[in-house]
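What follows is a short report on a single structure.
Readers should treat all values here as calculations from the given coordinates under stated rules, not as data from a laboratory. This is a predicted model, so every value here is computed, not measured. Here the Cβ positions follow ideal geometry from the backbone for every residue, glycine too, while neighbour counts run over all protein chains shown.
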């Protein structure tokens, strides 16, 4: 049992129970914690079937054709992921995702080139899937995109056919 005194609602803190083999439940059990700061948002349930995850999609040609170093490519994914989390910071799923720092799930996939990335971004926009298309400056080159956190079942179909990077 873990009591998180930094995450409180009106001086009450959630008690977190860890269960074996990949399951984690947060019960709406609160304990008093005096003089505690208020909580913005707190999810009270978590299970593996509704795992929140963030997709990051990076252009493969950055390394194969444009010869970008690995560190620069990793930085692009970090930029897109951070920008998506910041842009959608007030969404309930983003708040829940950020509230579980040691349980964050990301899937990093690759597309062939800029055209494929822009087509994916258009498809996501058409289907109202929140995402951030990162455009590296000063080159003005789209390098990757990241979604805000979504339940896996809601979003995985948009990324079928893409391979892990």
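Take 79, 131 and order them by how many other Cβ atoms sit within 10 Å, fewest up front.
79, 131
Rounded if a/c is under 1.5, else prolate if a/b beats b/c, else oblate: with a ≥ b ≥ c from the C-alpha gyration tensor eigenvalues square-rooted, which is region 97-165?
Cα axes put region 97-165 in the prolate bin.
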